[in-house]
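Working notes, beginning with the structure itself.
The values are calculated or read from the model by the stated rules, or taken from the named source; none is laboratory data. Only a predicted model underlies this, so the values are computations on that prediction, with no experimental measurement involved. All Cβ positions, glycine included, derive from the backbone under ideal geometry; neighbour counts span all protein chains shown.
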Amino acid sequence: MGRVGAPHGVRGAFRVAPLSADPDALLAFAQWWLRARDGDAWKECRVASSRVHSGSILAEIAGVTTRDAAAALRGAAIGVPQQMLPALAEDEYYQADLVGMAVVNRDGCVLGTVADFVESGAHPIVRVAQPDGPERLIPWIQQYVDGVDVAQRRIDVDWPVDF
């Protein structure tokens with residue numbers, strides 16, 4: 001739902017770059033889960049304070065009381081347990097639920113699996129990885145994404161195999 005940015009001040013506060021459609025969504029949670037940029041494990045943290053400031057979020061978490069400690073968190077992913085998130089409409093998906101799904105083009109060729117999403121400013125871009133070839137970056141827009149089949153763990157796209 002966000003990413004830890006630069007420290008703010010000297011008392012352990014840091015900026016958060018929100019990654020959700022609603023930037024204020026993180027403010028509603030008293031607990032965040034952080035995962036270091038190079039780590040696999042999530043760590044639960046109590047939010048001491050959070051507020052919107054100049055287009056980003058300023059936050060403090062319990063136990064982080066110095067600028068150096070806040071700087072050590074830079075780049076960490078911020079999430080919350082999925083059961084705490086609001087229900088989605090029928091045609092909406094949480095990006096985390098799409099990770100690992102097969103991506104198949106209109107010709108039936110498997111292009112790879114969803115590795116993650118990259119924010120571009122205009123729209124998300126799905127990063128499709130394949131074990132024996134280069135990754136693909138496909139814009140997550142109706143022009144290229146034909147549909148998502150959650151039951152089959154498959155995303156159908158209009159994307160050439162050689163692009």
Test result for residue 57, among the hydrophobic types (A, V, I, L, M, F, W, C), outside any loop (DSSP other than H, G, I, E, B) and touching a residue at least 24 places away in the same chain (Cβ under 8 Å): yes
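Residues checked against (1) in the same structural domain as residue 141 (by TED's automatic domain parsing); (2) part of a strand (DSSP E or B); (3) aliphatic (A, V, I, L, M); (4) at negative phi:
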position: 44; (1), (2), (3), (4): no, yes, no, yes
position: 49; (1), (2), (3), (4): no, yes, no, yes
position: 71; (1), (2), (3), (4): no, no, yes, yes
position: 78; (1), (2), (3), (4): no, yes, yes, yes
position: 107; (1), (2), (3), (4): yes, no, no, yes
position: 113; (1), (2), (3), (4): yes, yes, no, yes
position: 117; (1), (2), (3), (4): yes, yes, no, yes
